[in-house]
Amino acid sequence: MTMTATAPHEHHEAAGFFRTYLYSTDHKMIAKQYLLLGLIMAVVGGFLSYAMRWQLAWPDTEVPGFGFVGPETFNVLVTNHGTIMVFFVAMPILLGSFGNFLIPLMIGARDMAFPRLNALSFWLLALGSTVLCVSFFVPGGAAPAGWTGYPPLSAKAEYTGVNWGLNLWLLAHAIEFAAFLLGGVNFLTTVVTMRAPGMTMGRLPLVIWQQVAAATLFLLSVGPLIAGAVMLLMDRLVGTGFFIPERGGEPLLWQHLFWFFGHPEVYVVLLPALGAALEVYPVFSRKPVFGYRWIIWATICAGALSFIVWAHHMFVSGMDPRLAMPFSITTILISVPFALTVFAMVASLYRGSISFELPMLWGLGFLAMFTTGGLTGIFLGSAPADIYLNSTYFVVAHFHYTLISAVIFGGYAGIYYWFPKMFGRMLGTRLGQLHFWSTLVFFNLTFFPLHWIGIAGMVRRIANPLQYEMVAPHQWINVFSTLSLLGLVASQLVFFLNFFLSQFRGRPAPANPWNATTLEWTAPSPPPHGNWGASMPAVERWPYEYSAPGADRDWVGQRAPTVEALLRGEGRA
Amino acid sequence: MFLSWLPENISSFGRDIDGIIGLIYYITLAWFVVTMGTLLVFIVRYRRRPGQAAGYVRGERLREAAWILVPCLLILVLDLWIDFKGAAVWAKVKVDLPQSDVHVKVTGKQFNWVVTYPGPDGKFGTEDDKTFLDEMHVPAGKPVRLTLEAKDVIHSFFLPNLRLKQDVLPGRAIPAWLDAMKPGQYEMPCAALCGMGHSGMKATLVVHDATGWATWVAEQWSGEKK
Ligand SMILES: [Cu+2]
Ligand SMILES: [Cu+2]
């Protein structure tokens with residue numbers, strides 16, 4: 001299964017601004033574009049969450065810097081906060097940026113298989129983001145039907161009073177899906193066909209395995225939802241009735257299509273973050289990852305299972321109640337492969353020599369937060385418990401623990417770890433420490449109490465908790481959570497400051513600042529166009545050779561000194 | 001930490017649902033403590049110290065991997081236990097509806113709950129039907145049969161104190177039931193985003209004791225012939 005390396009690109013001369021920063025086909029520049037877009041959209045999504053939480057803490061008061069919210073705008077905030085964070089922040093950063101940056105560098109290729117398609121998928125995403133942002137400014141305002149967009153509410157303008165805002169919201173999704181479909185094809189083709197000599201699938205770093213799994217899940221699950229989005233758009237624009245009962249349609253059909261995609265989508269976001277954490281543990285504990293092959297199999301099992309669990313979002317939706325238990329069983333079973341992965345991560349620290357540098361702190365934070373979010377998922381996966389907990393703030397707390405653990409903790413683990421390779425400088429550690437600890441504390445203060453208020457009966461997507469006798473006595477939780485969110489947002493400002501200061505003032509990064517084994521650290525920081533200069537890398541062992549007995553130092557890189565050495569079979573692991 | 005936040009339960013099957021929530025709570029709490037405890041111990045025990053080198057542990061061979069595989073087997077067993085217990089509760093609440101001589105139809109619309117009683121003839125769609133807005137009356141200690149509908153968009157019928165929730169959809173009549181054990185007034189919020197009036201869309205459930213129920217029925221349908 002050895003793949004031949006592609007010839008170096010011919011056009012290596014210095015390119016102009018336009019070619020370098022905008023119409024670039026270099027996977028590393030495209031990765032930076034994805035990162036920047038994701039961060040910008042994170043600012044937008046974060047701003048919406050600030051206005052939303054302010055309204056929840058102090059209903060119907062003026063939100064500083066935003067204005068009056070009230071129930072109508074609140075629905076817009078709820079909807080677009082979710083849409084932006086999942087589709088325009090998590091995916092661009094974890095899949096778009098990490099995948100593009102890491103895949104060629106870690107498998108030993110010069111670029112992605114289809115560099116122009118790669119640029120196209122980024123610019124499609126940029127277009128989708130623009131369409132979504134524009135939707136805020138059309139008459140009637142932006143989409144208010146929830147990030148899940150359930151019809152019939154979303155199917156007829158008269159139900160929400162919003163016409164073009166919601167159409168554009170659907171259009172933005174369609175464009176985003178197209179962008180990541182192209183990206184996913186590119187990821188898979190690259191990993192399958194462009195690995196360096198010696199880079200067998202059994203030597204692929206785990207983060208690449210997770211990226212491949214994520215891209216595969218996305219490709220296999222998004223088709224039905226694209227069809228669904230087109231059908232919904234037609235219901236709205238040309239008067240079809242796919243989801244409208246009085247025209248012979250079926251509202252539940254949308255929910256099946258949405259969640260058939262929606263559950264795998266959770267793993268599309270989660271797996272790359274999991275992968276980033278898995279790369280970080282061995283480096284900062286100086287020992288191999290525990291159970292490399294077991295983790296790969298667990299990922300494959302979880303991915304397969306994720307296609308037969310979707311109706312756990314629909315236990316009380318009105319589908320045939322006899323369908324609930326089969327889906328409940330598959331859902332709860334998915335805890336087994338993820339428990340295996342979590343245990344493997346913990347075991348990866350066993351007999352390590354752990355140093356708590358920033359990527360490691362984020363990696364460990366990911367583990368703790370993800371475990372919490374995973375465990376609360378069992379409550380919601382159980383059909384009878386979900387009768388009560390469905391649609392309460394318990395759900396909100398649960399998915400923020402799973403998704404934020406992935407996007408924030410896993411994402412920052414990756415950003416802090418690969419920043420030196422990406423930008424050629426080290427991220428500042430003082431601000432980094434402040435960023436990590438304040439994020440950890442404020443994240444938990446913001447979201448943990450939401451479990452309680454959810455169990456106490458506060459339902460999701462209400463603009464004014466004080467309207468409910470059951471919730472009003474617990475209003476202090478809403479105030480507390482909002483105040484903590486302000487802290488959480490302020491903590492991210494520390495990161496932005498650090499990110500931009502370090503671009504200019506950071507210590508120049510050596511090629512391999514962490515003494516890591518994987519291929520990307522054998523390229524210069526930052527790697528030049530084409531990554532490897534004249535000599536292409538060859539690979540002679542698995543990716544986690546730390547503290548191996550008999551070696552003269554505590555790490556041995558994957559890269560063979562020369563292709564000839566590889567062919568002689570030296571140092572095979 | 002979690003369970004004490006549940007509101008008072010007044011429903012006959014609420015105990016079963018709380019039981020499942022409690023079962024899952026203790027199981028997940030145990031795993032949380034074990035996993036986080038191990039993590040903390042490792043973090044402290046294996047922090048970088050001079051003179052202490054890391055070990056080369058790959059965890060690939062079955063003998064090593066058993067350390068993580070055996071706990072997973074245990075999880076599988078606990079999962080099946082939760083499913084097994086849960087299936088019975090689910091069937092009781094959602095599948096096997098008991099016989100009942102009180103029948104109420106509840107229809108969600110933007111942004112009210114319309115509650116309809118069939119009246120003395122026991123049939124909906126006749127003249128003696130009575131309709132209430134955002135107000136539902138039931139007798140205590142008796143199973144009540146519900147038919148849940150929606151007029152426009154999806155709403156969700158939620159009675160926190162009765163541990164009952166059911167989305168309602170236009171074009172469908174979904175059967176459900178409840179058995180309220182304690183007289184009183186209880187809140188009934190809509191739990192599905194249904195438009196700009198969703199926040200604040202709620203009704204009141206009034207549970208009457210036996211004499212109260214008889215009085216209420218008599219008040220509503222007295223003087224009416226048949
Ligand atoms: Cu799901
Ligand atoms: Cu509602």
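The values are calculated or read from the model by the stated rules, or taken from the named source; none is laboratory data. Note that this is a predicted model, so its numbers are computed, not measured. In this analysis, Cβ positions are derived from the backbone assuming ideal geometry, glycine residues included, and neighbour counts consider all displayed protein chains.
Taking into account only those residues within the stretch B:196-209 that are more than 7 Å from ligand 2 (Cβ to nearest atom) and not in a strand (DSSP E or B), which is farthest from residue A:59 (Cα to Cα)?
Selected residue: B:209.
Just to confirm my filter: which helices (runs of 4 or more DSSP H) fall fully inside the stretch A:38-137 and include at least 3 residues that are of a type in the set (A, V, I, L, M, F, W, C), under 24 Å from residue A:461 (Cβ atoms) and within 22 Å of the chain's Cα centre (by Cα)?
Here the list reads A:115-134.
For residues that are within 13 Å of ligand 2 (Cβ to nearest atom) and more than 7 Å from chain A (Cβ to nearest Cβ), scanning just the stretch B:169-195, find the one that is surrounded by the fewest Cβ atoms within 10 Å (Cβ to Cβ).
B:188
Going through the stretch B:85-120 one residue at a time, which ones are closer than 28 Å to residue B:196 by Cβ and of a type outside the set (D, E, K, R)?
B:104, B:106, B:107, B:108, B:110, B:111, B:112, B:113, B:114, B:115, B:116
Determine if the stretch A:288-297 includes at least one residue that is surrounded by fewer than 23 Cβ atoms within 10 Å (Cβ to Cβ), within 12 Å of chain B (Cβ to nearest Cβ) and farther than 28 Å from residue A:553 by Cβ.
The answer is yes, given that some residue of the stretch A:288-297 is surrounded by fewer than 23 Cβ atoms within 10 Å (Cβ to Cβ), within 12 Å of chain B (Cβ to nearest Cβ) and farther than 28 Å from residue A:553 by Cβ.
Surrounded by 23 or more Cβ atoms within 10 Å (Cβ to Cβ), within 30 Å of residue B:18 (Cα to Cα) and at pLDDT 95 or above - does that describe any residue in the stretch A:435-444?
Yes, the conditions are met somewhere in the stretch A:435-444.
Does residue A:418 meet the test of being more than 30 Å from residue A:29 (Cβ to Cβ), within 24 Å of the chain's Cα centre (by Cα), more than 14 Å from chain B (Cβ to nearest Cβ) and among the aromatic types (Phe, Trp, Tyr)?
no
All but one of (1) at pLDDT 95 or above; (2) over 30 Å from residue A:442 (Cβ atoms) hold for residue A:535; state the number of the condition that does not hold.
Checking residue A:535 against (1) at pLDDT 95 or above; (2) over 30 Å from residue A:442 (Cβ atoms), the one that fails is (1).
Provide a single number: the residues in the stretch B:115-157 that are surrounded by fewer than 20 Cβ atoms within 10 Å (Cβ to Cβ), β-branched (Val, Ile, Thr) and within 27 Å of the chain's Cα centre (by Cα).
The qualifying residues number 3.
Within the stretch A:304-387, considering only helices (runs of 4 or more DSSP H) that don't extend past its boundaries, which have at least 3 residues that are within 14 Å of ligand 1 (Cβ to nearest atom)?
Where helices (runs of 4 or more DSSP H) fall fully within the stretch A:304-387 and carry at least 3 residues being within 14 Å of ligand 1 (Cβ to nearest atom), they are A:324-333, A:358-381.
Could you tell me which of the residues A:243, A:327, A:307, A:260 is under 27 Å from residue A:155 (Cβ atoms), within 13 Å of another protein chain (Cβ to nearest Cβ), in contact with a Ser or Thr (Cβ under 9 Å, 6 or more places away or on another chain) and not small (Gly, Ala, Ser)?
Going through A:243, A:327, A:307, A:260 in turn, the sole match is A:243.
Which residues, taken from the stretch B:17-34, are surrounded by fewer than 20 Cβ atoms within 10 Å (Cβ to Cβ) and either facing chain A (nearest Cβ under 7 Å) or not in a helix (DSSP H, G or I) (or both)?
Passing the criteria: only B:32.
Is it fair to say residue A:157 is in contact with a Lys or Arg (Cβ under 9 Å, 6 or more places away or on another chain) and at pLDDT below 95?
Judged against the criteria, residue A:157 is a match.
Among residues belonging to the stretch A:502-523 that are within 25 Å of the chain's Cα centre (by Cα) and among the hydrophobic types (A, V, I, L, M, F, W, C), point out the one that is nearest to residue A:555 (Cα to Cα).
Of everything passing the filter in the stretch A:502-523, A:516 is nearest to residue A:555 (Cα to Cα).
Yes or no: the stretch B:101-124 includes at least one residue that is touching a Gly at 6+ places or on another chain (Cβ under 6 Å), assigned by TED's automatic domain parsing to the domain that holds residue B:156 and not charged (D, E, K, R).
yes
So which of A:316, A:266 ends up being within 16 Å of ligand 2 (Cβ to nearest atom) and within 22 Å of residue A:375 (Cα to Cα)?
A:316
From the residues in the stretch A:445-474 that are free of Cβ contacts under 8 Å to residues at least 24 places away in the same chain and more than 10 Å from chain B (Cβ to nearest Cβ), which one is nearest to ligand 2 (Cβ to nearest atom)?
Checked the stretch A:445-474; the qualifying residue nearest to ligand 2 (Cβ to nearest atom) is A:472.
Regarding the stretch B:71-81, can at least one residue be identified that is in contact (Cβ under 8 Å) with a residue 40 or more places away in the chain and at the interface with another protein chain (Cβ under 7 Å from one of its Cβ atoms)?
yes
Spot the failing condition for residue B:37; the list is (1) surrounded by fewer than 18 Cβ atoms within 10 Å (Cβ to Cβ); (2) in a loop (DSSP other than H, G, I, E, B); (3) of a type in the set (Gly, Ala, Ser), and only one is missed.
Going through (1) surrounded by fewer than 18 Cβ atoms within 10 Å (Cβ to Cβ); (2) in a loop (DSSP other than H, G, I, E, B); (3) of a type in the set (Gly, Ala, Ser) one by one, residue B:37 breaks only (2).
I'd like the full set of residues that are among the small types (Gly, Ala, Ser) and either without any contact (Cβ under 8 Å) to a residue 12 or more places away in the chain or surrounded by 23 or more Cβ atoms within 10 Å (Cβ to Cβ) (or both), limited to the stretch A:348-364.
Of everything in the stretch A:348-364, those that are among the small types (Gly, Ala, Ser) and either without any contact (Cβ under 8 Å) to a residue 12 or more places away in the chain or surrounded by 23 or more Cβ atoms within 10 Å (Cβ to Cβ) (or both) turn out to be A:348, A:352, A:363.
Report whether or not residue A:463 is buried (at least 19 other Cβ atoms within 10 Å of the Cβ) and over 26 Å from the mean Cα position of the chain (by Cα).
Yes: the conditions hold for residue A:463.
Scan the stretch B:196-211 for residues that are away from chain A (no Cβ under 12 Å) and without any contact (Cβ under 8 Å) to a residue 60 or more places away in the chain and jot them down.
B:211
Report yes if some residue within the stretch A:222-234 is closer than 18 Å to residue A:147 by Cα, within 14 Å of another protein chain (Cβ to nearest Cβ), assigned to a helix (DSSP H, G or I) and away from ligand 2 (no atom under 16 Å from the Cβ); otherwise report no.
Yes, the conditions are met somewhere in the stretch A:222-234.
For the stretch A:238-272, which residues satisfy the criterion of being away from ligand 1 (no atom under 14 Å from the Cβ) and surrounded by 24 or more Cβ atoms within 10 Å (Cβ to Cβ)?
Of everything in the stretch A:238-272, those that are away from ligand 1 (no atom under 14 Å from the Cβ) and surrounded by 24 or more Cβ atoms within 10 Å (Cβ to Cβ) turn out to be A:243, A:251, A:254, A:271, A:272.
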